[in-house]
Amino acid sequence: MFEQFKKFEYTLAGRPLVIETGKMAQLANGSCLVRYGETAVLCTATASATPRDGIDFLPLAVD
């Protein structure tokens with residue numbers, strides 16, 4: 001089911017640093033779950049196969 005799943009673990013300054021990719025946010029072109037101690041961040045990236053006409057800048061959406 002998760003053929004592309006990879007997990008990297010490292011201890012940094014006495015806390016575990018865990019990076020997981022290929023498991024969450026399957027609809028995004030790329031995603032990465034980064035955990036450091038008790039803090040977690042999910043980063044995703046999407047891209048279109050073709051550029052949109054009239055867009056000459058990088059639109060940024062933050063939710």
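Has region 16-31 got any residue that is at pLDDT 90 or above, assigned to a loop (DSSP other than H, G, I, E, B) and among the charged types (D, E, K, R)? No, every residue in region 16-31 fails to be at pLDDT 90 or above, assigned to a loop (DSSP other than H, G, I, E, B) and among the charged types (D, E, K, R). Please tell me if residue 41 is in contact with a strand residue (DSSP E or B) (Cβ under 7 Å, 6 or more places away or on another chain) and exposed (fewer than 10 other Cβ atoms within 10 Å of the Cβ). So residue 41 fits the description; yes.
I'd like the full set of residues that are out of contact with any Asp or Glu (no Cβ under 6 Å at 6 or more places or on another chain) and assigned to a strand (DSSP E or B), limited to region 1-15.
To start, the set of residues in region 1-15 that are out of contact with any Asp or Glu (no Cβ under 6 Å at 6 or more places or on another chain) comprises 1-6, 8-15.
Of everything in region 1-15, those that are out of contact with any Asp or Glu (no Cβ under 6 Å at 6 or more places or on another chain) and assigned to a strand (DSSP E or B) turn out to be 6, 8, 9, 10, 11, 12, 15.
The values are calculated or read from the model by the stated rules, or taken from the named source; none is laboratory data. All values derive from a computational prediction rather than experimental measurement. With ideal geometry, Cβ positions are generated from the backbone for all residues, glycine too; neighbour counts draw on all protein chains shown.
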